[in-house]
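Working notes for the structure below.
Derivation of every value follows stated rules applied to the coordinates shown; laboratory data play no part. The structure displayed is predicted, hence computed values, not measured ones. Here Cβ is always computed from backbone atoms with ideal geometry, including for glycine, and neighbour counts include all displayed protein chains.
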Amino acid sequence: MAENYLHDKIVPDASSAQTKKEQVAEMFDAIAPRYDLLNRFLSAGIDISWRRKALAKLKDLNPKLILDVATGTADVAIMAARQLQPEKIIGIDISEKMLDGGRIKVTAKGLDSIIELKSGDSETINFPTATFDAVTVAFGVRNFENLEKGLSEIHRVLKPGGRLVVLEFSKPLIPGFRQICSWYIGFITPKIAGTVSNKKAYQYLNNSINAFPEGKNFVAVLNKIGFTNTTCKPLTLGICSIYCGDK
């Protein structure tokens with residue numbers, strides 16, 4: 001039976017009777033129109049380099065078929081199409097509005113023949129066992145309603161020898177810098193987001209980061225699921241981390 005983690009219980013609205021999955025889908029539908037703009041602004045554009053470095057972890061595999069879980073507006077899928085040149089990328093997400101935004105971007109970049117975006121849930125991935133050469137998840141595992149169940153599904157649909165690459169926020173270890181980041185994400189980010197988007201969504205971001213089993217703890221979860229050659233590489237003094245695991 002899958003273990004429950006603290007972050008599994010972190011939801012955008014604790015007073016709501018909806019499940020985490022339902023709340024997260026509704027939250028992302030609400031912020032979808034300004035999601036890309038806020039991401040670039042609040043991260044000063046550094047999130048682009050984070051995605052590039054994460055995808056570089058797949059270069060030696062030369063994957064032909066990639067699944068991008070929690071694809072959102074398809075930033076990773078689009079970058080993977082350029083950087084890795086696979087034959088096909090499937091992106092899945094529970095937010096239809098985010099997928100709509102992603103489809104507009106995919107079409108604008110002439111990538112319709114390579115990238116397909118579909119409604120899909122990490123805990124019930126609608127593909128046969130051993131389908132994909134690689135799976136990517138960028139800033140999405142914190143939103144899983146059941147972390148182990150989602151990771152187990154990813155492990156199932158990977159081919160033997162395939163690789164999972166996760167990009168996720170983490171908390172810096174350096175004293176002082178950690179407090180600055182906590183202040184920025186916990187106070188400044190929701191305040192700015194509240195003027196143009198959804199303040200509650202960015203408060204949830206901070207709460208879910210604080211509750212997530214980061215670093216060696218997340219590597220331990222990957223090991224428990226059955227991934228091998230697991231690694232964690234902190235980026236930008238530990239603001240986020242790249243996790244890898246092979247099947």
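Label region 199-247 by shape, choosing from rounded, prolate and oblate, from the square roots a ≥ b ≥ c of the eigenvalues of the Cα gyration tensor; if a/c is under 1.5 it is rounded, and otherwise prolate applies when a/b is larger than b/c, oblate when it is not.
It is prolate, given that a/c is not under 1.5 and a/b is the larger ratio.
Per residue, the convex hull spanned by the Cα atoms of region 1-152 measures out at 124 cubic angstrom.
Based on the mean of other beta carbon atoms within 10 Å per residue, what is the order of 222-228, 149-155, most packed first? Write out the running numbers ahead of the final one.
Numbers: 222-228: 16.0, 149-155: 22.3.
Taking the mean over residues of other Cβ atoms within 10 Å, the ranking is 149-155, 222-228.
When peptides 110-118, 236-244, 156-164 are sorted by average Cβ neighbour count within 10 Å, with the highest value leading, the order is 236-244, 156-164, 110-118.
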